[in-house]
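Each remark here refers to the structure printed beneath this line.
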Amino acid sequence: MAPGDALLEVRGLRKRWPDGRVVLDGIDLALARGEVTALLGPNGCGKSTLLRCLNRLEEHEEGRIWLAGELVSEGRPPGRRPGRAEQLALARLRRRIGLVFQQLELFPHLDVLGNVMLGPQHVLRRPRAEARRLALAALRRVGLEERAGAAPAALSGGQQQRVAIARALAMGPELLLFDEPTSALDPLLVRGLIEVIRDLARDGIGLLVVTHDLQVARAVADRVLFMDAGRIVFSGTPDQAFGGQHPELRGFTAS
Amino acid sequence: MTRLGRRSWPLAAALLGGLLACRAQAPPEPGAPDPGAPEPMAARAPAGTSLRRIQDEGVLRWGVDPAGGAPFAMPDPRDPRRLVGFEIELVEQLARHLGVRSEPVEGDWLALIDNLRAGRIDLALNGIEVSAERAQVIDFTVPYYRYGQQLTVRAADRDRFRSLADLAGRRISVLNGSASVDVLRAAGWPEERIVQYDDSLAPYVDLANGRVDGSLAESIIAGYYAEAIRGLHRVPGTFAPGAYAGAVRKGEPELRAAIDAALERMKASGELGRIYQRWGVWTEEQRELGIARGPAVERIPLASADAAGGLDWGVVLRELALATGTTLALTAISMPLAVGIGLVLALMERSRRRWLVVPARLYVQLVRGTPLLVQIFLAYYTLPALGEAAGLGKALVWPAFAVGVLCLAGNYAAYEAEIHRAGLEAVPRGQREAALALGMTPAQVLRHVELPQSFRVILPPIVNDLVAMIKDTSLVYVIGVRELTAAALGIGKARLLVPQLLVAAAAFYLVASLAADRLGKRLEARLRSSAAQVPGARRLA
């Protein structure tokens, strides 16, 4: 039953909405270090929910998740609230799994540096000077060091997204999750984003990118997963995925 | 405002009466006698008695309401923080006989006896008429002044209204709660024609203004005020005589005996007679109480509207500025407390635990649904009784200022809770998730993400409440805090310049409110312009 040497391994994940609808219907997947995985699927297929289950912003009911061989979640019956110990475990898990939201959710009351420093300072409990150093390093990585003092609202959409990435990076995550990262970017900026993602993979971070943009998936991913109705219906290389010989993908790729 | 205060008082009194089933008993308080005090007249009282405590502390705390005004007790026109009046001198002299110093404790006249029973004071002496009703709840000392009821009418009506009977069916003004009210009731006056006022001056002002046709008061009051206001005529002769006496808690024979002995000495020696002459309240009837007139002394001049030219506005304005300091201190302490307690209440209400939600909601509804004035009266007069009942002794006998802060902070907290709730709800849900996704605990999310954003939203309504509170602090004057309104009324009544002083006080309130508003606006602007500036980033630039 012990997982292999995968960075993240998920087995038998199931989740229902409170109204009884099944949203995740037995998900199995494994992600490797330094690998970019694209998760595709039609709207409402459960891909964003799966992403939120991985860092436990949502709780699933059945199934297990291992992170670097450590069992981090066994699911939780609906309605039960986490106790103090479980909240701390949650916080520890989320330090290791970064999430870049579709809406970015930068903190408007802080400047760029403040946004990126918040995690190292208060979650990692680093001294202020060191938290600043970590934050500046993360900003340098996304090429935004010189905008550290700007208000998030003063930046362009592409720059804001890179701040959101830097905010997640500053925590030193092992796995980084992206929820529809290209939905608000114009094509020129999409190229820049793809470069950033590839660059992070080279550093050994695992990446899972939820998208419905086939071009992006093709350009960025080492592996492609297709989801439909709460199940993963395809797993393979981009070439396999977009080669056209898989009937279960035809409906989606054609649309 | 004062009128409202009196109206709401019976409720508080009724509650208090129920709570105060047992009489207050002072615990023995060890302490060395003041070495500077003169030789006490009486021997050391038995340990555990109030008299012993008074002797040990060297202070006689006694209750008086300066709103009753001259010649009983009023703020000194030259130094309005001091009280002057014949009763002030009387108790000073009395305390000297007991070998202690006198410390007047200001409070609402109708609550003097409650303050006595709560243990804030050991003697109430302020024109309290001896009556069988009062004797059931307190013990009277020997009487110190003989009064009669005297009627005052407008000078133009002097031939029309020569007696109470001539005024049948007309409205008559009286001092609230005084024996005059009982006299009118006994004479068949319906309640709606007995117009009661909180202070001694207002009945005569309204008589001069024509809102009432006569004014009935104890001769001592009539003699002072009817003379000070032009166009009024005192109908000669007095009726329905009675006497003033001090009040002490029941069950304290040692204290009462010591005060009685001192009073009797002062009566016989002419000390009391001299005080009465100085204040122009000496009458031959005083001899019935065994008071010797003593050697003739000159009467101190009356304050009157004519003396307005002599009012030193420099002194008055300084006095009002000082009282404004008290008003601002009340606000400056209460408002941050209110914002803090309000936040706790808001967080309780947001909690998913019913045992937190229910008490918070209950508190907010209860406090918002009842008048601040009633809360102030209740807190001031029932907290001591509650403390007593809970076995805390005198732990809840707080000074008026502290009770004022408690009520203002507690009352505004309910409103600030609602503001906090709205502010926290205005922070988008995604912000919370983004912070949680960083690995923050819910407490950290609140502290570093939700509260800073909420604060920007709620600052304007909080500044608005701050301005409102500056003015609401005026309500605590009913429990004797000498803030701006109390100071203005005190000086105004002492000098018969109430309208002028109220306008001056209003100007002070206006300036304070404008300043607070400006401060708030500047803070808002600063937050807006530096929406994103954290110190780290500034140093980077």
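The values are calculated or read from the model by the stated rules, or taken from the named source; none is laboratory data. The structure displayed is predicted, hence computed values, not measured ones. Glycine also receives a Cβ, built like all others from the backbone with ideal geometry; neighbour counts cover every protein chain displayed. For the accessible areas, the whole protein counts, side chains as well, though only heavy atoms, and no ligand, DNA or RNA atoms are used. Shrake-Rupley method; radii C 1.70, N 1.55, O 1.52, S 1.80 Å.
Taking every DSSP beta bridge that has both ends in the range B:126-255, the antiparallel portion is near 75%.
Quick one: which bits of the range A:112-147 get at least 20 Å² less accessible when the partner protein chains are in, versus the chain alone, with a 1.4 Å probe? Going by heavy-atom accessible area, the residues of the range A:112-147 that drop by at least 20 Å² are A:113, A:118, A:122, A:123, A:128, A:132. Centre-to-centre, using Cα atoms only, the range B:145-170 and the range A:100-150 are separated by 84 Å.
For the protein assembly as shown, the Stokes-Einstein estimate of translational diffusion at 20 °C and a viscosity of 1.002 mPa s comes to 66 µm²/s, using the Kirkwood hydrodynamic radius over alpha-carbon pairs. By its C-alpha gyration tensor, with a ≥ b ≥ c as the square roots of the eigenvalues, how is chain A shaped: rounded for a/c under 1.5, else prolate for a/b larger than b/c, else oblate? Oblate, because a/c is 1.5 or more while a/b does not exceed b/c. Compared with the dominant Cα axis of chain B, that is its longest principal axis, helix B:484-495 is turned about 20°. Once you sort the root eigenvalues of the Cα gyration tensor of chain B as a ≥ b ≥ c, which label holds: rounded (a/c under 1.5), prolate (a/b larger than b/c) or oblate (the other case)? Since a/c reaches 1.5 and a/b is larger than b/c, the shape of chain B is classed as prolate.
Indicate, rounded to the nearest 5 percent, the antiparallel portion of the DSSP beta bridges found entirely in chain A. Close to 55 percent.
Take every residue in peptide A:54-63, count the Cβ atoms of other chains within 10 Å of its Cβ, and give the average of those counts. Walk me through the numbers before you get to the answer.
On the way: counts 0, 3, 2, 5, 0, 0, 0, 0, 0, 0.
Per residue, the average neighbour count from other chains is 1.
When the charge dipole of the range B:81-227 is built from unit charges on Cβ atoms (+1 for Lys and Arg, -1 for Asp and Glu) and taken about the Cα centre, the candidate among B:215, B:183, B:195 whose Cα reaches farthest toward its positive end is B:215.
Determine the relative contact order of chain B: mean sequence separation of Cα pairs under 8 Å and six or more apart, normalised by residue count, in whole percent.
Contact order relative to length: 17 percent.
The HN-Hα couplings worked out from phi for the range A:168-173 by the Karplus form 6.51 cos²θ - 1.76 cosθ + 1.60 (θ = phi - 60°) are 6, 5, 4, 7, x, x Hz, whole numbers, x standing for Gly and Pro. Accessible surface of the range A:83-207, 1.4 Å probe: 50 percent of it comes from carbon and sulfur atoms.
Only four residue types carry charge here, +1 at the Cβ of Lys and Arg and -1 at the Cβ of Asp and Glu. Report the dipole size of the range B:483-526 about the Cα centre in Debye, rounded to the nearest 20.
Roughly 100 debye, rounded to the nearest 20.
Shielding of peptide A:98-110 by partners, expressed as the average count of other chain Cβ atoms within 10 Å per residue Cβ, is 6. Shown for the range B:87-184: the carbon plus sulfur share of the solvent-accessible area, taken with all protein chains present and a 1.4 angstrom probe, equals 46%.
Here the spin labels are modelled as points 7 Å beyond Cα on the Cα-Cβ line, and at residue B:455 and residue A:11 they lie 4.9 nm apart.
Just how large is the dipole of the range B:265-386 about the Cα centre, in debye to the nearest 20, putting +1 at every Lys and Arg Cβ and -1 at every Asp and Glu Cβ?
880 debye
Treating only the Cβ of Lys, Arg, Asp and Glu as charged (+1, +1, -1, -1), what charge dipole size does the protein assembly as shown show about its Cα centre? Round to the nearest 20 debye. Could the numbers behind the result be given before it?
Numbers: 97 positive and 85 negative charges, 313 e Å.
Roughly 1500 debye, rounded to the nearest 20.
Scanning residues 5 or more positions from residue B:99 or on other chains, those with amide H under 5 Å from its amide H are B:41, with H placed 1.01 Å from N in the peptide plane.
For residue A:68 and residue A:233, what does the FRET efficiency come to when R0 = 25 Å and r is the distance between their Cβ atoms, rounded to the nearest 0.05? Could the numbers behind the result be given before it?
Working: r = 27 Å, r/R0 = 1.09.
Efficiency, rounded to the nearest 0.05: 0.40.
With a Cα cut-off of under 25 Å and a minimum spacing of 8 residues unless on different chains, the lysine pairs in the protein assembly as shown number 5.
Can you give the relative contact order of the range A:58-187 as a percent, counting alpha carbon pairs under 8 Å and 6+ residues apart?
Details: 164 pairs, mean separation 40.7, N = 130.
About 31 percent, as a whole number.
Quick check on the protein assembly as shown: helices-only [θ] at 222 nm, where DSSP H runs of length 4 and up contribute -39,500 (n - 2.57) each and the sum goes over total residues. Nearest 500, please. Calculated mean residue ellipticity at 222 nm is -15000 deg cm²/dmol. Sorted largest first, the principal axis extents computed over the alpha-carbon atoms of the range B:403-514 equal 69, 26, 16 Å. Taking amide H as placed 1.01 Å from N in the peptide plane, residue A:39 has its amide H under 5 Å from the amide H of A:209, A:210, A:211, A:225, each at least 5 places away in sequence or on another chain.
Run through the range B:141-212 and list the trypsin sites (Lys or Arg not before Pro) located in a DSSP loop whose Cβ has at most 15 other Cβ atoms within 10 Å. Passing both the DSSP loop test and the Cβ count: B:158, B:160, B:162, B:170, B:211.
Note on the protein assembly as shown: dipole from Cβ charges, positive end direction compared against B:481, B:375, A:13; the farthest Cα belongs to A:13.
Accessible area per residue for chain A, computed on protein heavy atoms with a 1.4 Å probe, is 43 Å².
With a 1.4 Å probe and every protein chain kept in, tell me what percent of the accessible surface of the range A:29-81 is carbon plus sulfur.
On the way: 830 of 2020 Å².
Within the range A:29-81, the accessible surface is 41 percent carbon and sulfur.
Rounded to the nearest 100 Å², what's the accessible area chains B and A bury against each other, both chains counted, probe 1.4 Å?
Numbers: alone 24600 and 12350 Å², together 34260 Å².
So the total buried area for this chain pair works out to about 2700 Å².
Residue by residue, the range B:50-67 carries 3J(HN,Hα) couplings of 5, 4, 4, 5, 4, 5, 5, 7, x, 9, 9, 8, 9, x, 8, 10, x, 5 Hz when phi is fed to the Karplus relation 6.51 cos²θ - 1.76 cosθ + 1.60 (θ = phi - 60°); x denotes Gly or Pro.
Take the alpha carbon gyration tensor of the range A:1-49, find the square roots of its eigenvalues, order them as a ≥ b ≥ c, and report rounded if a/c is under 1.5; if not, report prolate when a/b exceeds b/c, else oblate. Oblate, because a/c is 1.5 or more while a/b does not exceed b/c. Remark: relative contact order (the range B:220-364) = 16 percent; criterion is Cα-Cα distance under 8 angstrom and separation of 6 or more residues. Of the residues B:513, B:499, B:525, the one whose Cα sits farthest towards the positive end of the charge dipole of the range B:485-531 is B:525 (charges of +1 on Lys and Arg Cβ, -1 on Asp and Glu Cβ, taken about the Cα centre).
Can you work out the FRET efficiency for the pair residue A:130 and residue B:81, with r the C-beta to C-beta distance and R0 = 45 Å, to the nearest 0.05? Don't skip to the end; give the middle numbers.
On the way: r = 57 Å, r/R0 = 1.27.
Calculated value: 0.20.
Amide H contacts of residue A:232: A:28, each under 5 Å away and 5 or more positions distant or on a separate chain (H built 1.01 Å from N in the peptide plane; Pro and chain starts excluded).
In order along the range A:85-97, the phi-based Karplus estimate (6.51 cos²θ - 1.76 cosθ + 1.60, θ = phi - 60°) of 3J(HN,Hα) comes to 5, 5, 5, 5, 4, 4, 4, 4, 4, 5, 5, 8, 10 Hz; Gly and Pro are listed as x.
Solvent-accessible surface, computed for protein heavy atoms with a probe of 1.4 Å, shrinks by 10 Å² or more for the following residues of the range B:423-439 when the other protein chains are added to the isolated chain: B:430, B:431, B:433, B:434, B:436, B:437, B:438, B:439.
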